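What follows draws every value from the coordinates through simple rules; no lab data is involved. If you're wondering where the values come from, they're calculated on a predicted model, not measured in any experiment. Note that we place each Cβ from the backbone using ideal geometry, even for glycine, and neighbour counts take in every protein chain shown.
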Amino acid sequence: MGINNSLKLRGNQFSNAASSFWIAVAVAAAFSTFPLQKIPTGKWMGACLILWGISTAAHSAVKNYVQLVAVRVLSGIFEASLPPAIMLLSAQYYTRQEQSMRYSLWYTGLGFGQIAGALISFGFQHVSPKAPLNGWRTMFLVLGLFTVAMGALICVFVPDTPMQAKFFTDEEKVVLLEHIKVNQTGITNRKWDVKQILEALLDPQYWLMCGAILLQGTGGGFISTYSATLLRNFGFSPKKAALLGMPSGVMNIISMLFVGYGARFFGRRLFWSLSAMCIGLVGACLVAFSNPHHKPAMLAGLYLANFFTGCTPLNFQWFTGNTAGHTKRALVAASTNAAFAIGNIIGPLTFKAQDAPAYKPAKVTLVGCWAGSAGCLILVTLYYVWANKRRDAASVESDFVDTEVDKTIAYAGMTDKENPYFRYSI
């Protein structure tokens, strides 16, 4: 939309500006565990959205590269708490089996955002050059103000816990508590437990989770940041490139619903997550290894690569749902978000100006990272199978029969390691 020319960006400055956002997300995510533990989740999420909207609107006033990086950093700081906050809120209302579909539904916003963003970008590219604000500046201003309004609505209408939900009767709240008791994760706990932090850091699943998400995010950073650039390199004008980004959003929505629905009603999260990964990998290979002058193959590859994102909400839910103990779960939610951010930092940095227009090294990196993410996912699943079998064997030796979840343990705030009733979802 002309941002490079307006701000006179040179060399890798656009990549660096994109990475600065995710650097801020990664750093802020490391500290977001504390407010998520201490501050009511709904209010914190709404406040972050309002501040995020203000920083987005501030993009309309930047004059140079330094100012662009500054507002990108601010946007990243305020965005960092949003995904883990949504994860924690979802876990308060739905069982682990139900959460996969809910996560996929709220993550379809990414696909709808791509479609709307393509139309918005196309529309604002028609703003007259003589207008007081460039098209891209007007776009940031409008979207920022809209985000502020959404944040205010969330502050007012989203309850911090089910017990504070005005849309539930007292009887419905009791039914909800009974319904989610099977999660063995409790509802909320404002107490900061250092032991749970240490347990998470020594837990193999924690590092395998973060590895899978980091490698997944690296490829995602490639796709999200440079899709429009790749489309323009195929020979399309900026306006056509904007419209050609819409099928990517459609593919995102289809993949989210495919994976979420499959995991919800047929189980076997690994199968559905790997299915999305394999389809995305086919697309990544087409982008990386097809003749760059063969537009149909490159377009098909770019669109298929977006199918990979369908595993994102499932993996976030899977890892968070398999973690018990409020402090530990908050840390896992924040850490996986940070890992995703770090991946998105690395992704744009693989794009080097000297590799234009083919960007072959970046495309090969995309394939390698996504294959590595699938490998981590397989390893963490094997760990879950091993841990569940060991607990089943221990329960047989102690004559424990799991006929009904113990209420005391269900709400005790114990971690998944401490709770003998806890079984990892697979």
- Message: Given the -39500 (n - 2.57) contribution per DSSP H run of 4+ residues, what per-residue ellipticity at 222 nm results for the chain, rounded to the nearest 500 deg cm²/dmol?
- Response: -24500 deg cm²/dmol
- Message: Let me check I've understood the local charge: for residue 357, count other residues with C-beta under 15 angstrom from its C-beta, Lys and Arg +1, Asp and Glu -1. What total comes out?
- Response: +4
- Query: Given (i) 23.2, 79; (ii) 22.2, 80; (iii) 28.4, 103, which label gives Rg and Dmax of the Cα atoms in Å as computed from the coordinates?
  - Reply: (ii)
- Ranked 359, 261, criterion: other C-beta atoms within 10 Å, fewest first: 261, 359
- Note on the structure: Output ordering of 42-48, 334-340 (per-residue mean of other Cβ within 10 Å, highest first) is 334-340, 42-48
- Query: Which order do peptides 285-292, 20-27 fall in by mean Cβ count within 10 Å, highest first?
  - Reply: 20-27, 285-292
- Protection proxy ranking of 84-90, 362-368, 228-234, 6-12 - average other beta-carbon atoms within 10 Å, highest first: 84-90, 362-368, 228-234, 6-12
- Report ³J(HN,Hα) in whole Hz for each residue of region 47-54, in order, from the Karplus equation J = 6.51 cos²θ - 1.76 cosθ + 1.60 where θ = phi - 60°; Gly and Pro get x. 5, 5, 5, 4, 5, 5, x, 5
- Given charges at Cβ of Lys, Arg, Asp, Glu: region 109-214 dipole, positive-most of 213, 122, 154: 122
- Reachable lysines from residue 389, Cα under 19 Å, same-chain residues fewer than 8 places away excluded? 417
- Task: Pull up the cross-link candidates among the lysines for residue 352, meaning alpha carbon to alpha carbon under 21 Å and not fewer than 8 places away within one chain.
- Result: 8, 360, 363
- Note on the structure: Looking only at lysines whose Cα falls under 17 Å of residue 240's and that sit 8 or more positions away or on another chain, we get 295
- Grab the other residues whose beta carbon is less than 14 angstrom from that of residue 317, score K and R as +1, D and E as -1, and report the net. +4
- Task: In whole Å, largest first, what are the principal axis extents of the Cα atoms in region 1-137?
- Result: 54, 30, 26
- Item | Total formal charge among the other residues, if their Cβ is under 12 angstrom from that of residue 16, Lys/Arg +1 and Asp/Glu -1 | +3
